[in-house]
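A short write-up of the structure that comes next.
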Amino acid sequence: MSYLKLSGCSKSFDQYHVFRNVNYQFETGKMYALVGPSGSGKTTLLNSVGRLEKLTSGSISFDDTDIKTIPSLKCFRRYIGYLFQNYALVDEETVAQNLNIVKHYRTNVLQEHLSKYGLDDTYLTRKIFTLSGGEAQRVALARLSLQDPLIVLADEPTGALDHANGQLVLDSLREMANSGKIVIIATHDDQVKAAVDECVRITDFK
Ligand SMILES: Nc1ncnc2c1ncn2[C@@H]1O[C@H](COP(=O)(O)OP(=O)(O)OP(=O)(O)O)[C@@H](O)[C@H]1O
């Protein structure tokens with residue numbers, strides 16, 4: 001089993017302390033919800049793990065490797081995958097172009113990953129702006145599945161979806177956890193809280 005370990009993590013913006021001295025260990029194969037009131041620092045903590053934010057102090061390691069020592073490209077290809085509330089897809093481009101954004105895959109590989117999320121071949125040439133929110137999030141899941149990262153960071157991934165599409169996202173994230181990934185979901189959604197193995201309350205660290 002592998003671990004993502006947060007040791008003495010603190011983050012401030014100027015004089016404002018978002019979180020202080022966070023110590024926590026996430027395990028592979030588990031799904032976690034990061035919960036707390038609006039503005040409590042969930043996104044900031046998630047982005048610190050994902051190296052989109054720099055910690056003010058402390059460290060984050062995967063097993064014995066400090067994640068900030070991993071070369072950026074390797075980190076974003078192999079270690080960190082993201083799922084966002086707003087999908088983070090390029091609206092004016094096709095589904096295939098969005099799936100090929102990091103690396104070019106053969107069409108049958110794209111089809112295989114789309115079909116896992118209930119999207120048939122006709123979606124490959126659809127532009128993102130023609131998709132529903134639920135379909136767009138399935139494309140984002142297919143992109144994540146192609147990337148196959150060790151750690152999945154999801155920021156309110158069900159926030160813009162109805163219950164059925166939210167459940168599809170949660171079932172897909174559960175499958176990723178079962179395949180040995182660490183899945184961390186920043187959320188306010190009770191549906192997510194009910195689906196995870198552990199709820200990590202960010203206010204407990206303050
Ligand atoms: N780049 C920044 N500069 C200054 N302050 C920031 C910055 N990013 C976030 N903050 C502040 O840090 C605090 C935590 O924000 P964050 O988005 O992490 O909270 P959150 O718990 O994810 O909130 P929500 O549930 O509303 O999404 C907020 O007060 C926010 O204004």
- request: Determine, at each q value in 0.08, 0.19 (inverse angstroms), the log₁₀ of I(q)/I(0) that the Debye formula gives when each Cα of the chain is one equal point scatterer.
  value: -0.27, -1.38
query: How long, wide and thick is region 36-99, going by the Cα atoms along their three principal axes, in whole angstroms, largest first?
result: 41, 33, 17
query: Each residue of region 41-58 in turn: what ³J(HN,Hα) in whole Hz from Karplus with 6.51, -1.76, 1.60 and θ = phi - 60°, glycine and Pro shown as x?
result: x, 4, 5, 5, 5, 4, 6, 6, 5, x, 6, 8, 10, 9, 5, 6, 7, x
message: Please arrange Leu46, Leu141 by how many other C-beta atoms lie within 10 Å of their C-beta, fewest to most.
response: Leu46, Leu141
Alpha carbon centroid spacing (whole Å) that separates region 95-118 from region 53-79: 27 Å
query: Stretch Asp171-Asp14 to full length: gain in nm at 0.36 nm per residue minus the Cα-Cα span?
result: 52.6 nm
message: With 10 angstrom as the radius, rank Lys11, Lys30 by how many other C-beta atoms surround their C-beta, starting from the fewest.
response: Lys30, Lys11
message: Averaging over every viewing direction, what projected area does the convex hull of the Cα atoms of region 87-206 cover, in nm²?
response: 7.9 nm²
statement: Placing each pseudo-label 7 Å from Cα in the direction of the beta carbon, Thr203 and Lys127 end up separated by a distance in nanometres of 4.5 nm
- prompt: Taking the Cβ-Cβ separation of Asn21 and Glu92 as r and a Förster radius of 45 Å, what is the calculated FRET efficiency to the nearest 0.05?
  reply: 0.55
message: Full-extension gain between Asp190 and Leu150, please, as 0.36 nm times their residue separation minus the C-alpha to C-alpha distance.
response: 11.9 nm
Order of Ser48, Ser145 under a 10 Å beta carbon neighbour criterion, fewest first: Ser145, Ser48
message: Rounding to the nearest 10 and keeping the result within 0 to 90°, find how far the Cα-based axis of helix 163-178 lies from the longest principal axis of the chain.
response: 70 degrees
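No lab work stands behind these numbers, since they all come straight from the coordinates. The structure presented is a predicted model; accordingly, all values stated were derived computationally and were not measured. All Cβ positions, even for glycine, are placed from backbone atoms using ideal geometry, and neighbour counts span all protein chains on display.
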